[in-house]
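What follows is a single structure, written as structure tokens, with notes after it.
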Amino acid sequence: MPDRYVIANWKMNLPPEGIDAYADALNRIEGGNARLVIAPPYPYIERVARRVRDGHGVAAQNCSDHDKGAFTGEVAPAMLREAGARFVILGHSERRAIFGETDGIVARKVTIALATSLTPILCIGENLRTRDAGNASRVLADQIRAAAEGLGSGAVILAYEPIWAIGTGRNASGTMVAETVGHIRDAMGRFWPQAAAKETPILYGGSVTPDNVAELVGHGHIDGFLVGGASLDSGKFAAIHRALA
Ligand code: 13P
């Protein structure tokens, strides 16, 4: 059975209740069989890592595809690890769409993150045109094949985030997610080493809230969630975690 995760992607936001209060609220969560991970903006990684209790994890939202050098504004994976991150979100659709990250760049980042002992949270997802044209599983399979180049024999977490569901309030239905996760598992079986194909957790992300999480969990197949907007409120994030348990 793959491990389970519920991951808070704060993006370029901070929780209105304050970072310390947020971390303390998560520290009070007992039980559940999914690991909690928080992905704050870079400057707050160290603070969150110091404040959250053992067992919870901290992720960076991105990293450089180089390990050092003249790359103004970039942050190396080893620096993120030193700050306390143990995971790194890679290939988020916002990075692909706004910052022009290609499958090749994402694969290089996967390689360097793994070499630095950061676990990549690799994001894939189709846009609405692709979904409506019936091409979603082919496009997702292409993204999975492209990532194989960076993967080697390393272990990643995969996050399926349909672009049309991100920040739109329009989540995919439980049936659609379950079916798509099946296609993703198939594609992993074709392109990834067998152990990775079986053991990689597959998370869903895209407008997950305490109100729709039960429906998503109800169809099975999902190993957790990557949450944006609703993760900025510790109460909502905790409710999503509870629903998975
Ligand atoms: P929302 O939950 O705000 O739709 O964001 C999802 C996401 O992009 C998480 O990485």
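Every read-out reported here was derived from the displayed coordinates using simple, explicitly stated rules and does not represent laboratory data. Because the structure is a prediction, the values reported are computed rather than measured. FYI the Cβ positions are ideal-geometry reconstructions off the backbone, even for glycines, and counts take in every protein chain you see.
Find how much the distance from residue 99 to residue 190 grows on full extension, using 0.36 nm per residue of separation minus their present alpha carbon separation; answer in nm with one decimal.
Details: separation 91, 0.36 × 91 = 32.76 nm, distance 2.95 nm.
Result for the pair: 29.8 nm of gain on full extension.
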> Across the chain, how many lysine pairs separated by 8 or more positions, or lying on different chains, have Cα atoms within less than 30 Å?
Replying inline: 6
> In Å and whole numbers, how far do the C-alpha atoms of region 46-133 stretch along each principal axis, longest first?
Replying inline: 46, 33, 21
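What value, in deg cm²/dmol to 500, does the helix sum -39500 (n - 2.57) over DSSP H runs of n ≥ 4 give at 222 nm once divided by the residues of the chain? Can you show the working numbers first?
Numbers: 11 runs with 104 residues, N = 245.
One gets -12000 deg cm²/dmol as the mean residue ellipticity at 222 nm.
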> residue 200's amide H: which non-local residues (gap 5+, or another chain) put their own amide H closer than 5 Å, with H modeled 1.01 Å from N in plane and none for Pro or chain starts?
Replying inline: none
> Relative to the compact globular guide of 2.2 N^0.38 Å, what is the alpha carbon radius of gyration of region 35-80, as a ratio?
Replying inline: 1.26
> What does the charge count near residue 83 come to, summing +1 for each Lys or Arg and -1 for each Asp or Glu among other residues with Cβ under 11 Å from its Cβ?
Replying inline: +2
> Which three lengths, in whole Å and largest first, does region 90-233 cover when its Cα atoms are put on their principal axes?
Replying inline: 38, 32, 30
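Would you calculate the convex hull of the Cα atoms in region 127-179 and tell me its volume per residue in Å³?
Numbers: hull volume 5.3 nm³, N = 53.
Value for region 127-179: 100 Å³ per residue.
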>> Taking the Cα of residue 30, stepping 7 Å toward and past its beta carbon, and measuring to each backbone N in region 227-245: which are under 19 Å?
In response: 235, 238-245
>> For region 1-104, take the convex hull of the Cα atoms, compute a quarter of its surface area, and give me that in nm², please.
In response: 8.0 nm²
> At residue 54 and residue 239, where each label point lies 7 Å from the Cα along Cα→Cβ, what is the point-to-point distance in nanometres?
Replying inline: 3.3 nm
> Once amide H atoms are placed 1.01 Å from N in the peptide plane, what residues at a sequence separation of 5 or more from residue 10, or on another chain, have their amide H within under 5 Å of its amide H?
Replying inline: 39
> Which ³J(HN,Hα) values, rounded to whole Hz and listed in residue order, are derived for region 213-228 from phi using the Karplus coefficients 6.51, -1.76 and 1.60 in 6.51 cos²θ - 1.76 cosθ + 1.60 with θ = phi - 60°, glycine and proline given as x?
Replying inline: 5, 5, 5, 5, 5, x, 8, x, 6, 8, 9, x, 9, 10, 10, x
>> Residue by residue through region 118-127, what is 3J(HN,Hα) from phi via Karplus (6.51 cos²θ - 1.76 cosθ + 1.60, θ = phi - 60°)? Round to whole Hz and write x for glycine and proline.
In response: 9, 7, x, 9, 8, 9, 9, x, 9, 8
>> With the alpha-carbon atoms as the only input, what is the per residue convex hull volume for region 171-226 in Å³?
In response: 67 Å³
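Count charges around residue 225 for me, please; just the other residues with Cβ under 14 Å from its Cβ, Lys/Arg as +1, Asp/Glu as -1. Spell out each step's value before the answer.
Working: positive: 4, 35, 236, 242; negative: 3, 161, 211, 215, 223.
Here the charged neighbours net out to -1.
Work the Kirkwood hydrodynamic radius out for the chain: mean of 1/r over every pair of different alpha-carbon atoms, inverted, in Å.
17.8 Å
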>> Give me a comma-separated list of calculated 3J(HN,Hα) values for region 153-159, in order, Karplus coefficients 6.51, -1.76, 1.60 applied at θ = phi - 60°, integers in Hz, x for any Gly or Pro.
In response: 9, x, 10, 10, 10, 9, 10
> In the neighborhood of residue 37, defined by Cβ-to-Cβ distances under 15 Å, what is the net charge if each Lys or Arg adds +1 and each Asp or Glu adds -1?
Replying inline: +4
>> Please compute the modelled spin-label separation between residue 1 and residue 20, points set 7 Å along Cα→Cβ, answer in nm with one decimal.
In response: 3.8 nm
> Kirkwood-based Rg over Rh for region 53-100 (C-alpha set), two decimals?
Replying inline: 1.02
>> Can you give me the orientation-averaged projected area of the convex hull built on the Cα atoms of region 11-61, in nm²?
In response: 3.5 nm²
>> Which chymotrypsin sites (Phe, Trp or Tyr not before Pro) in region 40-128 sit in a loop by DSSP (not H, G, I, E or B) and have at most 16 other Cβ atoms within 10 Å of their own Cβ?
In response: 71, 99
